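The values are calculated or read from the model by the stated rules, or taken from the named source; none is laboratory data. Here the structure is a predicted model, which is why all the values come from computation and not from measurement. Note: ideal-geometry Cβ built from the backbone for every residue, glycine included; neighbour counts use all protein chains shown. SASA here: full protein model, heavy atoms, side chains in, ligands and nucleic acids out. Shrake-Rupley method; radii C 1.70, N 1.55, O 1.52, S 1.80 Å.
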Amino acid sequence: MRLAAPLLSAFFALGAAGYAQSSAAPADRDDAPQRVAVGIKVRALPSRSLSVMDSGRTLATTTEGKTVYDWNYHTTSHSLPAGGGLVVEILLSPRWTLSTEFIYNPLKYTKVTDRYSGIDDPNTSNDERAHKITNEETEARLYDFPLLLHRSVRADGFLSHFYLVAGPSVRWTSTVHTTNNITNADGTAEANHNAAALNKRILFGGTVGAGFRFMDDFKIKVSPEIRYTRWNGMSFAQDSTRSPRNQLEISLTVTR
């Protein structure tokens with residue numbers, strides 16, 4: 001969350017700058033409402049634990065027959081803390097706007113699995129257990145589809161630029177590519193491309209947020225925004241590889 005504070009400061013600074021520019025606009029400009037606007041959105045995910053993938057570590061012990069297996073799973077997220085896509089806004093009334101979005105986020109992580117089998121002799125400094133190592137590298141594509149209602153807090157004044165937003169979101173995970181490099185206990189190596197298992201390909205969530213919307217003389221609208229989404233499950237949920245169910249994002253939308 002160390003990045004959250006400066007990003008929040010930037011979010012409100014953008015709002016203040018937009019208000020200053022809006023206030024300085026000529027009074028005789030054409031303010032006729034535009035019913036449909038199309039544009040682009042870029043978003044940042046300031047906290048890894050509230051993004052598309054977190055890092056984690058898990059330990060486990062299993063027994064098969066008389067053999068004891070100790071497992072050490074370690075997942076490291078390499079997902080970009082940013083994404084973007086297209087936005088369509090429909091003006092329903094002076095204070096109500098409906099938006100739909102198509103947002104893309106790449107997902108990438110590495111997972112190292114250490115498997116120890118047998119019994120370690122406590123009287124020696126060496127580990128006598130057989131040791132198998134699996135290095136997994138996985139990439140996937142995430143697509144978010146929010147359908148949101150925006151409502152301006154006030155009809156006029158500064159608060160007319162400030163709005164609240166809420167609605168459902170859908171996440172679809174596709175194109176999962178995995179490379180597994182395995183070092184067996186006897187030192188031999190092997191590899192495969194068995195794709196990492198998805199827990200849920202499609203997720204549903206609820207999104208709430210707040211933002212500012214400003215329009216210049218050319219009816220270009222700029223909207224800095226902050227959002228929180230709670231998903232109904234995890235895209236990946238195996239051992240140390242677990243997708244966060246809570247998501248925090250800060251975004252900037254430009255529409256015309």
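Could you sort 89-100, 233-244 so that the peptide with the highest average Cβ count within 10 Å comes first and the rest follow in order?
Details: 89-100: 15.1, 233-244: 19.8.
Those peptides, ordered most packed to least, come out 233-244, 89-100.
What number comes out for the charge environment of Ala196, summing +1 per Lys or Arg and -1 per Asp or Glu over other residues with Cβ under 9 Å away?
Numbers: positive: Lys111; negative: Glu136.
Result for the neighbourhood of Ala196: 0.
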Worksheet item: Between segment 176-203 and segment 72-135, what's the alpha-carbon centroid distance in Å?
Response: 14 Å
Worksheet item: For the chain, what % of the accessible area comes from carbon and sulfur atoms, probe 1.4 Å?
Response: 59 percent
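Find out how many positive minus negative residues lie around Thr179, taking Lys and Arg as positive, Asp and Glu as negative, among other residues whose Cβ is under 10 Å from that of Thr179.
Working: positive: none; negative: Glu136, Glu137, Glu139.
Summing Lys and Arg as +1 and Asp and Glu as -1 gives -3.
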Worksheet, complete the sentence: Set Lys108/Lys221; Lys108/Lys219; Lys200/Lys221; Lys66/Lys111; Lys66/Lys200, cut-off 30 Å on Cα-Cα distance; pairs above it are Lys108/Lys221; Lys108/Lys219; Lys200/Lys221; Lys66/Lys200
Worksheet item: Packing-wise, with mean Cβ within 10 Å as the measure, how do 193-204, 139-150 rank, highest first?
Response: 139-150, 193-204
Response to the item:
To the nearest 10 degrees, the tilt of helix 4-23 (Cα long axis) against the first principal axis of the alpha carbons of the chain is 20 degrees
Discussion item. Two decimals, Cα atoms only, Kirkwood Rh: what is Rg/Rh over the chain?
Written reply: 1.15
